[in-house]
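The values are calculated or read from the model by the stated rules, or taken from the named source; none is laboratory data. Predicted, not measured: the structure shown is a model, and the values here were computed from it. Cβ: placed from backbone, ideal geometry, glycine included. Neighbour counts: every protein chain shown. Heads up: the accessible areas ignore ligands, DNA and RNA and are worked out on the full protein's heavy atoms, side chains in. Shrake-Rupley method; radii C 1.70, N 1.55, O 1.52, S 1.80 Å.
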Amino acid sequence: MNVRENNSRTEVFTSVWSREPRRPRATGLDRDQIVAAAVTLLDRDGLEALSMRKLGAALGAGATSIYWYVPNKDELLELALDEFWSELDLPESDAAGWQQIATAFAYSLRQTLHAHPWAAALIGTLPSVGPNAWRLTSRLRDTFAGAGFTGQDMYFASSTILGFVLGQVIPEIAFRKALDGKEYDQQSATATITRLAADYPDLIADHQAAVEMDPHAARAMAFDFGLSCILDGLAAKLDPERAGRTSLANPAEGVARQ
């Protein structure tokens, strides 16, 4: 069993996946129903608002019934996170190239994070060791192994893309949450920025050009640009002579997906 050392004590690694699920009781409630209801509440109210009491109310059951299947909130969130991983869509065909699969992974992850923004705070915080996480990890591992990556580089390649997507999407989620239905006064913001950045005229011009773009298109273009750089870097890792070549066969395709 995995353990981790924390100063003077050793903490045993535990997970909801480290034991067999309990059999359903006569009430008819089962773990899949609990997880589905939890995901619905998380999507609607966010991570901070989820509680066993609210979940029980949504299911028409007492919190005690839920604890029979899931002993605490952290383990419930592990189950929800694995459900999140199940929604990522990758090409199944072996004929798909590694860059095509990596691109699909990046865009599917971005789309799924926007659909379930609570998951961004759980990735890297809770263990992803459920069946859906393993299935996705195995698919990516085989993809990068087939491309020619070896050893830990097979996993570093996918974690690099994961880190890029999180870095792009988390600020988008935070901005959307900050607005929370309020209209963004672009004219006021531009006037304030122009005054504060008076000593940097080039930056003011860049800002004005940016705010004139559709914000969704601008984010999609930034995502395309960054992903192309990531894929070029991974390709150069395999073959330095490929450095500088574009990785997205059609960058506009990525914009169209958003």
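Data for the structure
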| quantity | calculated |
| --- | --- |
| Loop trypsin sites (Lys or Arg not before Pro), segment 102-184, which have at most 15 other Cβ atoms in a 10 Å radius of their Cβ (DSSP) | K182 |
| Protein accessible area in segment 1-136, 1.4 Å probe - carbon and sulfur % | 49 |
| 13 Å beta-carbon shell around E48, net charge (K/R +1, D/E -1) | +3 |
| Segment 62-180: relative contact order as a whole-number percent, Cα under 8 Å and 6+ apart | 30 |
| Packing-based order for 118-128, 148-158, using average beta carbon neighbours within 10 Å, highest first | 118-128, 148-158 |
| Bins of 5 Å from zero: percent of alpha-carbon pairs in segment 54-197 | 2, 8, 14, 16, 15, 12, 10, 8, 7, 6, 2, 0 |
| Within the chain, longest stretch clear of exposed GluC sites (Glu not before Pro) (DSSP loop, no more than 14 other Cβ within 10 Å) | 93-182 |
| Acute angle (nearest 10 degrees) that the helix 153-179 long axis makes with the longest principal axis of the chain, alpha-carbon atoms | 80 |
| Solvent-accessible heavy-atom area per residue, rounded to whole Å², over the chain at 1.4 Å | 59 |
| Rg/Rg_globular for the chain, with Rg_globular taken as 2.2 N^0.38 Å and Rg from C-alpha atoms | 1.22 |
| Calculated FRET value between A236 and E87, using beta carbons and R₀ = 22 Å, to 0.05 | 0.10 |
| Mean ellipticity per residue at 222 nm, deg cm²/dmol - from DSSP H runs of n ≥ 4 across the chain, formula -39500 (n - 2.57) | -20000 deg cm²/dmol |
| Rounded tilt (10° steps) of 186-196 against the dominant C-alpha axis of the chain | 60 |
| Accessible carbon and sulfur surface of segment 154-215 relative to its total accessible area, %, 1.4 Å | 59 |
| Candidates A104, A197, A49: whichever shows maximal mean-square fluctuation once the chain is modelled as a Gaussian network with Cα springs under 10 Å | A197 |
